[in-house]
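Trainee: This is the structure I want to talk about, given as structure tokens.
The values are calculated or read from the model by the stated rules, or taken from the named source; none is laboratory data. For clarity, every value in this text was computed on a predicted model and none was experimentally measured. Cβ sites come from the backbone with ideal geometry, for glycine too, and all protein chains shown count toward neighbours. We work out accessible area using only protein heavy atoms, side chains counted, and drop any ligands, DNA or RNA first. Shrake-Rupley method; radii C 1.70, N 1.55, O 1.52, S 1.80 Å.
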Amino acid sequence: MSDIVEVLVHWQAGRTVRQIVRTTGVARNTVRKYLAAAEKAGLKREPVLSKSELTAWVSKSCPELDGEIRTDFWTELRGLHDEIAEALKHSTMATVWQRLHDAGRVRCSVITFRRFVRRVVREGDPARITVIRPPAAMGEVAEVDFGVLGMWVDPVTQVRRRLWLFLMVLAASRHMYIRPVWKLDLKTWIRCHVEAFEFFGAVPMRIVLDNLKDGVMKASLYDPKFNRTYAEMAQFYGTLLDPCRLEKPRDKPVVERNVPYARDSFWSGRHFGSFDAILRAAPIWCMETAGSRVHRTTRQRPLDLFELERKLMLPLPAGRYETVSWHKVKVPRDIHINVRAALYSVPWRYQSQWLQACLRDKTVEVFDGEELVKTHIRVPAGQRQTDWADYPQEKAAFFVRNAPWCRKYAEHIGPNTTLVVASLLEDGAIHHLRQAQAILRLADVYPVERMEAACRVAALTDGQFMTVRNLLSSGRDQLDVAVIHERANTAPAFLHGPEVVLAGGIR
């Protein structure tokens, strides 16, 4: 605009084109273009206008000059105004220009097209207005994010891998914590938060984050669904979670701007001998470089402001948060849920239902909503943890009532029962274990005194389950031992003795 007005000022002063070119340094053809457009729009040499008046006249009466756009090009583009505005909702300016230019509908260059879009099409677009947020209050807000740190070649293995970066930046003081990481998973996300709080020695009142799945399961402005583990961590530290609007990274501008700064200042051009060396260097850089510089927005050192901010932040709790992970599991017919390739039993009444398993460092807790239904000691992948009490009693009785259980239960009944059961279990045969279990089940029907009497008699004979059962069912366990043997010896089958029978004496 200043060049256009300068040319018109010289022209109204009566100077020729050659003189204007020599004085202003503007090309001859450009000067002729300016003057032709001005005369066509009605500008005269008289009356002479001031620079401010000429500027207002050009903007109002001859906008074609403002932006160095030819009149015929502007006419073409104004006729396509609505079509261009609709196309820009889906494509870039360069793409829209290319399609119109290839179709022969516009003749201008892409630079002219861009000027037209900026000056005319988007002149009144409220979406292009940037609202400067009020400065954050001390101790109120911290912004977190993951970003790419760079590629690192392990000097030992010569393996080239991408290294990521976790950042937490306090919005008021601009003091930050960074941690290089290999994985962007939930466990890393939680651990980085815990380490950041310990680095600051305090907790911000609110955390602003992206809608990544490790933090937010369902993005919503009014009712976001947080990852259960992440929500429990925030509750443990007493802080609030504030996710950005969907696809609006400018809602956390402080941390977004510090990702390239950390990548350039901490990482670029430096060489580390190991990943541990990178981890050790990160907090040192946060204190000595990032924290000690004069920030260009606050015009103060972040460490100086942090000394004031830390007093207004939340204190750290007494203990450290234990990282847990939640898994949605369905109970199969064998009532063993699968959590990280390890199997854990749950009560049989939850068969075919969906439960939530909380995996801790040493235990696994199973919940039905908010109700804790089972707790197991954690086992390695590929192993199984079974509580036989989770099965129906009749389904798992054989596995629950093993040899040690039978011996211990028999001791509660009496010494005779203990003797019979112990003799059955001497050889470890499965059918003898079943007999021992069957004898002990008789204690649910008969009193202890009769069980002891029957086992006393059975111990003097074969000590089998059938003997104990027959004695109890016939009532002979209540007779004297001598009488029981006498009646057995006078049975008709042995009336003449075995010698007579074998000699054919019985007719």
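Trainee: Looking only at the stretch 234-241, decide whether some residue is open to solvent by 50 Å² or more (accessible area, probe 1.4 Å), closer than 17 Å to Cys192 by Cα and part of a helix (DSSP H, G or I).
Mentor: yes
Trainee: To continue, here is another question. I need the full set of residues from the stretch 353-371 which are outside any strand (DSSP E or B) and open to solvent by less than 80 Å² (accessible area, probe 1.4 Å), in order please.
Mentor: Gln353, Arg360, Gly369, listed by residue number.
Trainee: Just one of the numbered conditions (1) among the aromatic types (Phe, Trp, Tyr); (2) open to solvent by less than 70 Å² (accessible area, probe 1.4 Å); (3) in contact with a helix residue (DSSP H, G or I) (Cβ under 7 Å, 6 or more places away or on another chain) is not true of Tyr350; which one?
Mentor: (3)
Trainee: Here are some conditions: (1) under 24 Å from Lys187 (Cα atoms); (2) among the aromatic types (Phe, Trp, Tyr); (3) without any contact (Cβ under 8 Å) to a residue 12 or more places away in the chain. Phe236 meets all but one. Which one does it not meet?
Mentor: Condition (3) is where Phe236 drops out.
Trainee: May I ask you to verify whether Val259 is surrounded by 12 or more Cβ atoms within 10 Å (Cβ to Cβ), under 23 Å from the mean Cα position of the chain (by Cα) and of a type in the set (A, V, I, L, M, F, W, C)?
Mentor: It is true that Val259 is surrounded by 12 or more Cβ atoms within 10 Å (Cβ to Cβ), under 23 Å from the mean Cα position of the chain (by Cα) and of a type in the set (A, V, I, L, M, F, W, C).
Trainee: Here are Val324, Val254: which of them is open to solvent by less than 40 Å² (accessible area, probe 1.4 Å) and within 30 Å of Gln353 (Cβ to Cβ)?
Mentor: Val324 is the lone residue from the list that is open to solvent by less than 40 Å² (accessible area, probe 1.4 Å) and within 30 Å of Gln353 (Cβ to Cβ).
Trainee: Tell me which helices (runs of 4 or more DSSP H) are completely within the stretch 372-429 and hold 3 or more residues being open to solvent by less than 70 Å² (accessible area, probe 1.4 Å), at pLDDT below 85 and under 27 Å from Ala342 (Cα atoms), or say none if there are none.
Mentor: Because the criterion is at least 3 residues that are open to solvent by less than 70 Å² (accessible area, probe 1.4 Å), at pLDDT below 85 and under 27 Å from Ala342 (Cα atoms), the helices (runs of 4 or more DSSP H) in the stretch 372-429 that meet it are 393-400.
Trainee: Of all residues in the stretch 309-327, how many are under 27 Å from Ala171 (Cβ atoms), in contact with a Lys or Arg (Cβ under 9 Å, 6 or more places away or on another chain) and in a strand (DSSP E or B)?
Mentor: Here the count works out to 0.
Trainee: Which residue is nearest to Ala171 (Cα to Cα), if the candidates are limited to the stretch 279-300 and must be open to solvent by 80 Å² or more (accessible area, probe 1.4 Å) and in a loop (DSSP other than H, G, I, E, B)?
Mentor: For the stretch 279-300, the residue satisfying everything is Thr297.
Trainee: Among the residues of the stretch 328-350, which ones are among the aromatic types (Phe, Trp, Tyr) and either part of a helix (DSSP H, G or I) or within 22 Å of Met205 (Cα to Cα) (or both)?
Mentor: The answer is Trp348, Tyr350.
Trainee: Name the residue that is surrounded by the fewest Cβ atoms within 10 Å (Cβ to Cβ), counting only residues in the stretch 450-507 that are modelled with pLDDT of 75 or more and acidic (Asp, Glu).
Mentor: Residue satisfying both the conditions and the ranking: Asp462.
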